[in-house]
């Protein structure tokens with residue numbers, strides 16, 4: 001079981017290799033996260049975002065042919081949003097590799 005953020009990210013990347021899986025996660029995870037602060041003010045919208053986000057997550061895992069990592073380790077409920085944020089921020093590859101956040105097998109961007 002991973003112990004460092006770099007190890008969690010490495011496993012996450014190994015289990016999310018197909019472009020369509022990554023796309024479902026790039027859309028689904030932000031939907032889930034964005035639904036949370038909406039829950040009190042707009043519960044119907046929040047529920048739709050939350051369910052839609054999870055549906056995309058499950059579709060992605062069906063495409064990938066594996067089960068969500070959080071079923072084995074709940075820490076992945078936090079790793080997923082961090083991974084998406086890191087990818088969307090487009091941090092320079094050399095910096096990411098230098099601090100050990102990206103799997104060394106990936107090429108620098």
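Based on the alpha-carbon gyration tensor of the stretch 35-96 and its eigenvalue square roots a ≥ b ≥ c, which shape applies: rounded if a/c is under 1.5, prolate if not and a/b is larger than b/c, or oblate?
oblate
Using a simple spin-label model with points 7 Å from Cα along the Cα→Cβ vector, what separation in nm is obtained for residue 20 and residue 42?
Each label point is offset 7 Å from its Cα along the Cβ direction, giving 3.0 nm.
If each of residue 59 and residue 1 carries a label point 7 Å out from its Cα toward its Cβ, how far apart are those two points in nm?
3.2 nm
If I model a spin label as a point 7 Å beyond the Cα along the Cα-Cβ vector, how far apart are those points for residue 51 and residue 82 in nm?
Roughly 3.1 nm, to one decimal.
None of the figures in this text is laboratory data; all of them are computed from the coordinates on show. None of the values given here were measured: they were computed from a predicted structure. Reconstructed Cβ throughout: ideal geometry from the backbone, glycine too, with neighbour counts over all protein chains shown.
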